[in-house]
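After the structure tokens below, expect a handful of questions from me.
What follows is calculated from the coordinates using simple rules that are stated; it is not laboratory data. In this text the structure is predicted, and so the values were computed from the model without any measurement. Note that each Cβ is placed from the backbone with ideal geometry, even for glycine, and that neighbours are counted across all protein chains shown.
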Amino acid sequence: MAHLDHERPAEVWDRIQFGHWESDSVLGVRGTGALHTTVERRSRFLHAAKLPGPTARATVDAQIGFYQALPAHAVASVTADNGSEFAFHYQLADTLGIPTYFADPYSAWQRGTNEHFNGRIRKYLPKGTSFENLTQVELNEFITEINNRPRKILHWATPAEVFQELCSQ
């Protein structure tokens, strides 16, 4: 079942509880592929998967593949925009029991963490870049660099360190 963003519990907004994710797509120039990006709100841990395009099937398959590999407590909810690539959101609930929240139209600030990290990805893959020859291995290298930068908001720990610690609890 889909929920509106303003229905998210307070612990999601306050980043108190681990396991709440924000998701979006980053597009390559002129249909050369897409990235599915997702960021865990508390740890600021980023994951991205290269997709042939921003389709609902490719997106939900990427989500299920990633979230299924995590400990159950590491995925409590997902918040996405209203793009058609999230049309199969109900499969997250049906398959893994993960509710999906949707940001209000024209309210990117409701997924501000994900928007911020998409900007970090664009430092490596600026708008107008073709994703045709981008490999998942190359993308993983960019994501690893991003996740291993110390962050003041995390008391100079890295998102990767915080995520690993929270996953192991």
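Using 5 Å bins from zero, what percent of all Cα-Cα pairs in segment 92-146 falls into each bin?
Taking every Cα pair in segment 92-146, the percentages come to 4, 14, 17, 16, 16, 21, 10, 1.
Provide the FRET efficiency to the nearest 0.05 for the THR135-ALA157 pair, computing r from the beta carbons and using R0 = 30 Å. Each step should come with its number before you reach the end.
On the way: r = 29 Å, r/R0 = 0.97.
Calculated value: 0.55.
Specify the residue with the greatest mean-square fluctuation among ASN114, ASN147, ASN133, computed from a Gaussian network of the chain linking alpha-carbon atoms under 10 Å apart.
Fluctuation is largest for ASN133.
Normalise the Cα radius of gyration of segment 1-81 by 2.2 N^0.38 Å (N = residues in it) and let me know the number.
Its radius of gyration relative to the 2.2 N^0.38 Å reference: 1.13.
Which of the aspartates and glutamates could a cross-linker span from LYS50 if the Cα-Cα distance has to be under 16 Å and same-chain partners fewer than 8 positions apart are dropped?
Cross-link targets: ASP24, ASP61, GLU85, GLU132, GLU138, GLU141.
So how far, in whole Å, is the C-alpha centre of segment 94-127 from the one of segment 44-79?
Each part reduced to its Cα centre gives a spacing of 12 Å.
If each Cα of the chain is one equal point scatterer, what is log10 of I(q)/I(0) from the Debye formula at q = 0.19 Å⁻¹?
With one equal scatterer per Cα and no solvent, log10 I(q)/I(0) is -1.34.
Express the relative contact order of the chain as a whole percentage, based on alpha carbon pairs under 8 Å and six or more residues apart in sequence.
This gives 27 percent for the chain.
Give the value in nm², to one decimal: projected area of the alpha carbon convex hull of segment 40-127, averaged over all directions. Write down the numbers at each step before the final one.
Values: hull surface 24.1 nm².
With every direction weighted equally, the projected area is 6.0 nm².
Moving on. Within the chain, which is the longest segment that contains none of the chymotrypsin sites (Phe, Trp or Tyr not before Pro) sitting in a DSSP loop with at most 10 other Cβ atoms within 10 Å?
1-105
Name the lysines eligible as straight-distance cross-link partners of LYS152: C-alpha to C-alpha under 28 Å, and not fewer than 8 places from it in the same chain.
Once the sequence-local lysines are set aside, what remains near LYS152 is LYS123, LYS127.
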